[in-house]
Structure formats: C-alpha cells, structure tokens
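K.L.:
The following block contains the structure, expressed as structure tokens.
The values are calculated or read from the model by the stated rules, or taken from the named source; none is laboratory data. Every value quoted in this text rests on a predicted model; they were computed, and no experiment measured them. Positions of Cβ are generated from backbone atoms using ideal geometry, with glycine treated the same way; all protein chains shown enter the neighbour counts. Heavy atoms of the whole protein, side chains included, go into the accessibility calculation; ligands, DNA and RNA do not. Shrake-Rupley method; radii C 1.70, N 1.55, O 1.52, S 1.80 Å.
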Amino acid sequence: MIRQLCISVCLALVSAAIPLRAANRPHAGTDSQNPVLWTNDDLENLHRLGLISIVGRIDEESPTSASQPQAYVKTQDPEWYAEQAAQLRDELERRRAQLHEYQKALEDARSLRETTGGINVDEGDMGITPEAGIEFLQQRANETQTELDALEELARRNDIPPGTLRGE
C-alpha cells in the first residue's frame, strides 16, 4: 500500500515538473503576431514535396472535346437485354421442367410405378419431405421469374422495346 502511494506521488511530481511541449510551443502557421498567407505557389511547392494533397482541382490544361466517345452503358444496349432475357428464360424453363419431373416422380412413387427421373440436389437444400422438395423447386422457379420481371422493368425504364427481350 505504501509502495503504491509512493509511486502515485512520484508520478504526480514528475508530470508536474515536465511541461507539455505541445502546450508551450506555437503550432505551425498560428503565430499570433504574423499571420501566414498561403498562395497557390506555396501550395504547389508543398504538393511537389509530398507534404500535402490537393483535392478537387480542375485540370485546365486538357480541355474535353465534344467528339470523345461515350462510355458503354449496358442498360442502354438492347442486345444486352436480349441476351439477359434469353438466359433467364432458359433457366426458368429448365427449373419448371425440373419441377415437373420431380412432381411426376413423386406421383409414380405414390402409385408404386417405376421411376426414372430425379433432380440435382447439389444445387441447394431440397428439404426432408417430397412436399418440401416441390416447394423448394417452385421457389427457385419463382426467383428466376422475379429476375426476369426485374429485367423487363429495367428495360422499360430505359426505353428498350418490349420485343427485344422476347428475342424479336
């Protein structure tokens, strides 16, 4: 206890004896009698030395020409919409066929007929019961239909003709 008290008193004396350097010295550019005026040349010199970064400058030396090609915007390209819609339609058709095959396999199993079809269970969690499997396949088909609907809405907002998405 006495040792802790001694350490505390020593620390208090040392901290009172050593003045803080930051409090006793003036900060850069804050000399109260001579205010510093920074010019563009001063900033350029500091920038060249790597001491500051200048943000938001407009490069006046390279004017933009009106003949520069515009960047490719895929949401304005009808061919992009046609490709995306074709991929989503193919996926939707594949998922609906998968659902139909699964439902047929369940009907065959219930009526004790021989089954030959199946589904790829590597694509996700199929569920424990056959009904859960059907629900899962319906959910995947609905998700694909939602993606196709969103693509059609995006095309509509970007004035892409509706026939483009149908491959016409």
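K.L.:
Picking from PRO78, PRO26, which residue would you name as being open to solvent by 100 Å² or more (accessible area, probe 1.4 Å), touching a Ser or Thr at 6+ places or on another chain (Cβ under 9 Å) and at pLDDT below 90?
P.N.:
PRO26
K.L.:
When segment 127-168 is examined, which residues are found to be small (Gly, Ala, Ser), in contact (Cβ under 8 Å) with a residue 40 or more places away in the chain and not in a helix (DSSP H, G or I)?
P.N.:
GLY167
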